[in-house]
Amino acid sequence: MALDPPTFLKAINVLPNPEAIAERAAQNLSQLVRVVSRRGQKATVALSGGSTPKILFKILADKYAEKIDWNQLEIFFGDERSVPPDHPDSNFKTATDLWLSRVPIPEDQVHRMEAEADDLDGAAQRYEDVIRERVTVNPNGNPVFDLIWLGMGGDGHTASLFPGTEALHETQRMVVGNEVPQLQTQRMTFTYPLLNASSHVQFLVTGKEKAPIIKEISEGQGEYPSGEVAPTYGALEWLIDEAAAAEL
Ligand code: 6PG
């Protein structure tokens, strides 16, 4: 029996500022790895991109390098830009420079999206294959991440699920290439079926510019991609700072 997806309002936590958000998320990761490794498994986590998680990545490298057993973690990316791994816009580069290159996580446990591939769909399929190899699959056949971090853009997008784009309608594939006309680019992104299979989706959203959409989503208004994420069995949590919560 599918549980009713938790509503946004039941799952919102407001913290003072971006540093507090990052500290809480880092604590959550540390506890997750500890608990999951007791089961003899590796924790499977997908990272959000953009600028919000940069503080989190720095804290994980600066304060958790000795606190987390990095052998017990599989890192994926929830979306990626169509740029090579050394490009400043690369989500992989951001996470690697600020965090992953500064902790002893085995290289084959960090999985980069090859979103710059000419055959983007083929690359997305290959990424989904790796997810299916490394992430526990539920009875519906969907991989269940232990934790997926998501951000929210100023237009309400999340991962690279942008308003009005094809990937919003994907019901079978876990990972797809997505044309984003409003940015005149293409991206690789997790789809709703993969996001909604997760054990725990944690939105990390900060800043006053996000407040109006946070308010609309909390009232069930608008059809923003971020507002459509509703894990079937897992926990949906919004970690937002006081600036982003200003209109609640
Ligand atoms: C990306 C992200 C995207 C991001 C939001 C918020 O690749 O850009 O995955 O979904 O989380 O755009 O970005 P900021 O944190 O920079 O506001």
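All of the numbers you see were taken from the coordinates with simple rules; none came from a lab. Since we're looking at a predicted model, the values are computed, not measured. So basically every Cβ, Gly included, is an ideal-geometry build from the backbone, and we count neighbours across all protein chains shown.
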Checklist entry - Okay, which of the range 211-248 sit inside 17 Å, backbone N to the point 7 Å along the Cα-Cβ direction of Asn138? => result 228-237
Checklist entry - Comparing His200, His169, His157, which has the greatest mean-square fluctuation in the GNM of the chain with Cα pairs linked when under 10 Å apart? => result His169
Next on the checklist: Run the Debye formula on the Cα coordinates of the range 99-248, all scatterers equal and no solvent, and tell me log10 I(q)/I(0) at q = 0.09, 0.18, 0.21 1/Å.
Outcome noted: -0.30, -1.17, -1.40
Item to check | the chain: Lys pairs at Cα distance under 30 angstrom, eight or more positions apart or on different chains | outcome: 28
Item to check | Given charges at Cβ of Lys, Arg, Asp, Glu: the range 42-97 dipole, positive-most of Val83, Trp70, Ile59 | outcome: Ile59
Checklist outcome for this item: A correct Karplus calculation of ³J(HN,Hα) over the range 156-173, with 6.51 cos²θ - 1.76 cosθ + 1.60, θ = phi - 60°, whole Hz and x for Gly and Pro, returns x, 6, 9, 6, 10, 8, 8, x, x, 9, 4, 4, 4, 9, 6, 10, 10, 6
Checklist outcome for this item: DSSP beta bridges in the range 93-245: the antiparallel percent, rounded to 5, is 45 percent
Next on the checklist: Can you sort Glu170, Glu247 from fewest to most other Cβ atoms within 10 Å of each residue's own Cβ?
Outcome noted: Glu247, Glu170
Checklist outcome for this item: Highest GNM mean-square fluctuation among Glu133, Glu114, Glu179, for the chain with Cα springs under 10 Å, belongs to Glu133
Checklist outcome for this item: The correct pair for the range 65-185, radius of gyration to one decimal and Dmax as a whole number, both in Å and from Cα atoms, is 15.0, 43
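Using the beta-carbon distance between Glu107 and Asn13 and R0 = 25 Å, what value does 1/(1 + (r/R0)^6) give for FRET efficiency, to the nearest 0.05? Walk me through the intermediate numbers first.
On the way: r = 34 Å, r/R0 = 1.34.
About 0.15, to the nearest 0.05.
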